[in-house]
Amino acid sequence: SPVIVWFRRDLRLSDQAALAEASAQGPVIPVYVMDDETPRHRRMGGASRWWLHRSLESLDAALREKGSRLILRRGVSAQVLAELAEETGAQEVHALHHYEPWWRNAEKALAAKLTLCLHHGNYLAPPGSVTTGAGNPYKIYTPFWRALNERMPPPEPTPRPHTITAPAQWPRSDALADWKLLPSRPDWAGGMRAMWQPGEAGAAKCLRAFADAASRYEARRNLPSDDGTSFLSPHLHFGEISPARVWHAVADAGGSVGTFLGELGWRDYAQNVILQFPDYGGKSAKEGFDAFAWRSGKAAAADMAAWQQGRTGYPIVDAGMRQLWHTGWMHNRVRMIAASFLIKHLLIDWREGERWFWDTLVDADYASNAVNWQWSAGSGVDAQMFVRIMAPLSQSEKFDAADYIRQWVPELAGLSDADIHDPSPGRRPKDYPVPLIDHKAARERALAAWSDHRG
Ligand code: FAD
């Protein structure tokens, strides 16, 4: 009887243990289930849906080259898969482990109905397996990374299966277009189409382009004007490439590649955090933090909209937010600045920012997004203190963001390097907004609110 391979965020043929194992057994039915229905399942955001459409097309094409294809179904995952097994006579479902709380629930529900075989391979080491000497999970990144790094390298990546046998009869499949994952009116995805090639081939191309630059990562990674990072995040999020493959492709590059590997370690770390705190995306880890007197009401809503649209009057923040809207991605340094600005300058709950990123990032990842927002807010198990308030203007100067601002905030393109980070009222173009709040006043307001909160 055929074996079902349940694809989720692992949309690749190579180094895909579930597919490899199933292909070795006999006929395979590859399936993707669009699940907007399982209770407490977090609905994918708009940018992710765009990416997913393209990635599923690419996966289907790769499977067809092997004489196979991708079956698409919609509904509650556990139910849909149990029905598919019944229809096709499949006895087993193979899949990679996923750690979002809703996927763990779905796995439990499915395992109660049929044989579910879960495999590893979406992380450098299986989440939950890196523990302290006493066998406890780590809460802090640095010791986690030290322990993880000792177990590296990860296993060598495996090639795509030689053959993927088709079942005697293919079950019915939805048409991808019917899922309406792509925006229609307005079509906001033009910038994304121009920048990204979703799918396994695009991921491999991206890795090749980065491999030569990996040794110079440290010096370049904080400079938003310089494309010094890998741009692998959406490919890794959707599992179009395994972290083991990334590791083995760059680990011998020398120079500062160790810093890059440490960033990949953050990705593993984030999964380990949500394994311990499944509600991390909606609940601060620090006791009492969610009771902070966040601003709300009309003025706060207007500030939130200005932040979302990149019209705060802080050039570095606006450049980042517009880059995000246009491309579905934002430079990491600028993500930190924009997050800190929302939380501390505007006193808006980090969870609102987390939701906006969730909807607009092509790499929106439950664990990485929550862990980084809670780090920025100072609410997390590993976080900077709330009272460490980033100064957007000096950050912008320090990391030489002038060209980045010129690219994303064209109203300011004519300003000199000296003026562009903080245009004085006399130099500020008419169509560029006045800062929502003065930096010093914002800082004092945040510190006062924090001291009230602490009582
Ligand atoms: P590189 O610098 O080339 O890093 C290589 C890989 O390491 C990345 O692709 C990513 O998988 C991983 N990585 C790097 N930095 C981090 C980090 N701080 N935390 C976790 N993984 C990391 N990253 C996401 O993948 N999804 C998110 O939803 C997300 N939300 C974020 C929200 C905020 C507020 C902040 C400050 C950061 C967030 N990040 C998120 C982390 C980071 O900004 C991106 O992973 C990185 O910018 C992606 O670009 P890159 O692939 O060129 O990264």
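Coordinate-derived values only; no laboratory data. Small disclaimer: the values here were computed from a predicted structure and weren't measured. FYI the Cβ positions are ideal-geometry reconstructions off the backbone, even for glycines, and counts take in every protein chain you see.
With a cut-off of 8 Å between alpha carbons and a minimum separation of six or more residues, what is the relative contact order of the chain in percent? Could you put the intermediate results ahead of the total?
Details: 740 pairs, mean separation 79.5, N = 455.
Relative contact order, the chain: 17 percent.
Sort E397, E352, E200 so that the residue with the fewest other Cβ atoms within 10 Å of its own Cβ comes first and the one with the most comes last. Intermediate values should be presented prior to the final figure.
Numbers: E397 17, E352 20, E200 23.
Ranking E397, E352, E200 by Cβ neighbours within 10 Å, fewest first, gives E397, E352, E200.
Would you be so kind as to identify all helices of the chain, as entire DSSP H runs, whose Cα atoms reach 18 Å or more along the helix's own axis and whose mean Kyte-Doolittle hydropathy is at least -0.5? Numbers along the way, then the final one.
Numbers: long enough: 46-65 (29 Å, -0.56); 257-276 (29 Å, 0.14); 439-454 (22 Å, -1.23).
Counting only whole DSSP H runs, the qualifying helices are 257-276.
I'd like the Karplus ³J(HN,Hα) series for segment 425-430: coefficients 6.51, -1.76, 1.60, θ = phi - 60°, whole numbers in Hz, and an x wherever there's a Gly or Pro.
So the J values, rounded to whole Hz, are x, x, 9, 5, x, 4.
With 10 angstrom as the radius, rank S55, S1, S23, S424 by how many other C-beta atoms surround their C-beta, starting from the fewest. Kindly include the intermediate steps, with their values, before the conclusion.
Values: S55 28, S1 12, S23 24, S424 8.
By the 10 Å Cβ count, ascending: S424, S1, S23, S55.
From the phi of every residue in segment 341-346, what ³J(HN,Hα) in whole Hz does the Karplus formula 6.51 cos²θ - 1.76 cosθ + 1.60 yield, where θ is phi - 60° and glycine or proline is x?
Calculated HN-Hα couplings, in order: 4, 5, 6, 9, 6, 9 Hz.
What is the set of long-range amide H partners of E92 at a cut-off below 5 Å, with H atoms built 1.01 Å from backbone N?
I4
So which trypsin sites (Lys or Arg not before Pro) in segment 292-369 pass both tests, a DSSP loop state and at most 16 other Cβ atoms within 10 Å of the Cβ? All intermediate terms of the calculation are to be shown ahead of the outcome.
Numbers: sites: R295, K298, R311, R322, R333, R335, K344, R351, R355; in loops: R295, R311.
Those satisfying the criteria are R295.
Name the long-range amide H neighbours of M34: under 5 Å, sequence gap of 5 or more, or other chain; modelled H, no Pro or chain starts.
Amide H neighbours of M34, under 5 Å, 5+ apart: R73, R74, G75.
Restricting attention to segment 159-242, which trypsin sites (Lys or Arg not before Pro) occupy a DSSP loop and are surrounded by at most 13 other Cβ atoms within 10 Å? Don't jump to the answer; show the numbers that get you there.
On the way: sites: R172, K180, R193, K205, R208, R216, R220, R221; in loops: R172, K180, R221.
In loop regions of segment 159-242 (DSSP not H, G, I, E or B), the sparsely surrounded trypsin sites (Lys or Arg not before Pro) are R172, K180.
If you filter segment 239-315 for GluC sites (Glu not before Pro), then keep DSSP loop positions with at most 12 other Cβ within 10 Å, what is left?
Working: sites: E240, E263, E287; in loops: E240, E287.
Counting only loop positions with at most 12 other Cβ atoms within 10 Å, the GluC sites (Glu not before Pro) in segment 239-315 are E287.
Which percent, to the nearest 5, of DSSP beta bridges fully inside the chain are antiparallel? All intermediate terms of the calculation are to be shown ahead of the outcome.
Working: 1 of 18 bridges.
Expressed as a percentage, antiparallel bridges in the chain total about 5.
If the reach is capped at under 29 angstrom between alpha carbons, list the lysines near K66, excluding any in the same chain fewer than eight residues apart.
The reachable lysines, counting only those whose Cα sits under 29 Å from K66, are K180, K205.
Which lysines does K440 reach when only Cα atoms under 30 Å apart count, and residues fewer than 8 places away in its own chain are ignored?
K283, K286, K298, K344, K398, K430
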